[in-house]
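Q: There's a structure below that I have some questions on.
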Amino acid sequence: MKDMIEQYRVTAEPYYRPVTNEVEMFEAAYAAKMPVMLKGPTGCGKTRFVEHMAWKLGKPLVTVACNEDMTASDIVGRFLLDADGTRWQDGPLTFAARHGAICYLDEIVEARQDTTVVIHPLTDNRRVLPLEKKGELLRAHEDFHLVISYNPGYQSLMKDLKQSTKQRFGALDFNYPEHGVEVEIVAHESGIDPKDADKLVSIAERARNLKGHGLDEGISTRMLIHAASLMAQGIPAVAACQMALVRPITDDPDMRDALDAAVTTYF
């Protein structure tokens, strides 16, 4: 079982450029056994931050990409049939709680609300997980830590966390970095010239101003790194931007033309 948990250990340092005091705040929350909620738009670095913190703290990281079809059994565990009859298999949340890993529930609002309530006993002073089907009350390992993330821009009456869930977490706000920091990140991750990274970030900033005015979401830092990586492979800048920045976020012809025009302004 030790070998199984070791496969979740982050062995190489993931690059993460701190923006404010988020590293120190997360370390303090971990030491205090306070669950953490990361709030921010898609592609702004939430997942990379968790990976970096898992490496920095030396803890295994179990990540769950939440979706609307996910049931409580998917994260807690279930009985399975095999040649010898039935056997219990821990879900990722149970596995992390049992072995002292950080469990990261990514985009938790995508999961059904009756699924998310199973985390409640792990997020207060009890730090337990009732495995009702197995008849076990699992007490979380000393090193276990729960982290969730979601994009407040997508929340609605149908897709939002209950207050009874939110108030169990400390929260860190994430957003796209300020211009110079984002240029540094894009250049580092892709290897392109910082001058070209600066142009990409300027394009993204113009597109982000269109959020709610024709675009559901702006161009993310992740998308900028995709475009820059194509440019590093020798793809012309305009073609790289069309493929990685413009085409993924809109099918509206007028909006595409507007974004294409922004690209040609810089390249």
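Q: Which of the following residues is in a strand (DSSP E or B), under 20 Å from Val62 (Cα atoms) and touching a residue at least 24 places away in the same chain (Cβ under 8 Å): Val109, Val147?
A: Working: Val109 fails: in a strand (DSSP E or B).
Among Val109, Val147, only Val147 is in a strand (DSSP E or B), under 20 Å from Val62 (Cα atoms) and touching a residue at least 24 places away in the same chain (Cβ under 8 Å).
Q: Could you look through segment 167-192, keep only residues that are surrounded by fewer than 20 Cβ atoms within 10 Å (Cβ to Cβ) and among the aliphatic types (A, V, I, L, M), and pick out the one that is farthest from Val36 (Cα to Cα)?
A: In this case the residue turns out to be Val181.
Q: Quickly run through segment 74-127 and pick out the residues that are under 18 Å from Arg168 (Cβ atoms), of a type in the set (A, V, I, L, M) and exposed (fewer than 14 other Cβ atoms within 10 Å of the Cβ).
A: Val117
Q: Report whether or not Val201 is modelled with pLDDT of 95 or more and in contact with an Asp or Glu (Cβ under 7 Å, 6 or more places away or on another chain). Show your work before the answer.
A: Numbers: modelled with pLDDT of 95 or more: yes; in contact with an Asp or Glu (Cβ under 7 Å, 6 or more places away or on another chain): yes.
In short, yes.
Q: Among the listed residues Ala204, Ala237, which satisfies the condition of being touching a Leu at 6+ places or on another chain (Cβ under 6 Å) and crowded, with 16+ Cβ neighbours inside 10 Å?
A: Values: Ala237 fails: touching a Leu at 6+ places or on another chain (Cβ under 6 Å).
Selected residue: Ala204, the only one of Ala204, Ala237 that is touching a Leu at 6+ places or on another chain (Cβ under 6 Å) and crowded, with 16+ Cβ neighbours inside 10 Å.
Q: Among (1) surrounded by fewer than 15 Cβ atoms within 10 Å (Cβ to Cβ); (2) touching a strand residue (DSSP E or B) at 6+ places or on another chain (Cβ under 8 Å), which single condition is Ser164 missing?
A: If we test Ser164 against (1) surrounded by fewer than 15 Cβ atoms within 10 Å (Cβ to Cβ); (2) touching a strand residue (DSSP E or B) at 6+ places or on another chain (Cβ under 8 Å), just (2) comes out false.
Q: Continuing with this model, one more query. Determine whether Arg222 is surrounded by 14 or more Cβ atoms within 10 Å (Cβ to Cβ), within 23 Å of the chain's Cα centre (by Cα) and under 30 Å from Asp114 (Cβ atoms). Break it down into steps so the answer makes sense when it comes.
A: Working: surrounded by 14 or more Cβ atoms within 10 Å (Cβ to Cβ): yes; within 23 Å of the chain's Cα centre (by Cα): yes; under 30 Å from Asp114 (Cβ atoms): no.
No: the conditions fail for Arg222.
Q: Sort out which residues of segment 3-19 are β-branched (Val, Ile, Thr) and surrounded by 11 or more Cβ atoms within 10 Å (Cβ to Cβ), and write them in order of number. Show your work before the answer.
A: Let us first name the residues in segment 3-19 that are β-branched (Val, Ile, Thr), namely 5, 10-11, 19.
Answer for segment 3-19, where residues must be β-branched (Val, Ile, Thr) and surrounded by 11 or more Cβ atoms within 10 Å (Cβ to Cβ): Ile5, Val10, Val19.
Q: Moving on to the next point. Any idea which residue in segment 55-101 is modelled with the lowest pLDDT, counting only those that are under 13 Å from the mean Cα position of the chain (by Cα) and closer than 13 Å to Val147 by Cβ?
A: Cys66
Q: Is it true that some residue in segment 118-131 is assigned to a helix (DSSP H, G or I) and free of Cβ contacts under 8 Å to residues at least 12 places away in the same chain? Show your work before the answer.
A: Going through segment 118-131, the residues assigned to a helix (DSSP H, G or I) turn out to be 118-122.
Within this subset, residues satisfying the condition of being free of Cβ contacts under 8 Å to residues at least 12 places away in the same chain are 121.
Checked segment 118-131: at least one residue is assigned to a helix (DSSP H, G or I) and free of Cβ contacts under 8 Å to residues at least 12 places away in the same chain.
Q: Ok, one more. I'd like the full set of residues that are under 17 Å from Tyr176 (Cβ atoms) and buried (at least 18 other Cβ atoms within 10 Å of the Cβ), limited to segment 242-253. Break it down stepwise before answering.
A: Pass one, segment 242-253, residues under 17 Å from Tyr176 (Cβ atoms): 244-245, 248-249.
Residues satisfying the conditions are Ala244, Leu245, Ile249.
Q: From the list His188, His145, exactly one residue is modelled with pLDDT of 95 or more and outside the structural domain of Lys46 (by TED's automatic domain parsing). Which is it? Break it down into steps so the answer makes sense when it comes.
A: On the way: His145 fails: outside the structural domain of Lys46 (by TED's automatic domain parsing).
Step by step, each of His188, His145 is checked, and only His188 is modelled with pLDDT of 95 or more and outside the structural domain of Lys46 (by TED's automatic domain parsing).
Q: Can you report the number of residues in segment 225-261 which are closer than 18 Å to Asp198 by Cα, in contact with a Gly (Cβ under 9 Å, 6 or more places away or on another chain) and polar (S, T, N, Q)?
A: 1
Q: Go through Ala262, Ala244, Ala258, Ala239 for me and flag whichever is part of a helix (DSSP H, G or I) and under 27 Å from the mean Cα position of the chain (by Cα).
A: On the way: Ala262 fails: under 27 Å from the mean Cα position of the chain (by Cα); Ala258 fails: under 27 Å from the mean Cα position of the chain (by Cα); Ala239 fails: under 27 Å from the mean Cα position of the chain (by Cα).
Sole residue among the options that is part of a helix (DSSP H, G or I) and under 27 Å from the mean Cα position of the chain (by Cα): Ala244.
Q: Let me ask another. Among Tyr15, Tyr30, Tyr8, which is within 24 Å of Leu224 (Cβ to Cβ) and of a type outside the set (Asp, Glu)? Can you show your working first?
A: Numbers: Tyr30 fails: within 24 Å of Leu224 (Cβ to Cβ); Tyr8 fails: within 24 Å of Leu224 (Cβ to Cβ).
Testing whether each residue is within 24 Å of Leu224 (Cβ to Cβ) and of a type outside the set (Asp, Glu) leaves just Tyr15.
The values are calculated or read from the model by the stated rules, or taken from the named source; none is laboratory data. Values in this document were obtained by computation on a predicted structure and should not be read as measured data. Every residue, glycine as well, gets a Cβ built from its backbone with ideal geometry; the counts of neighbours run over all protein chains shown.
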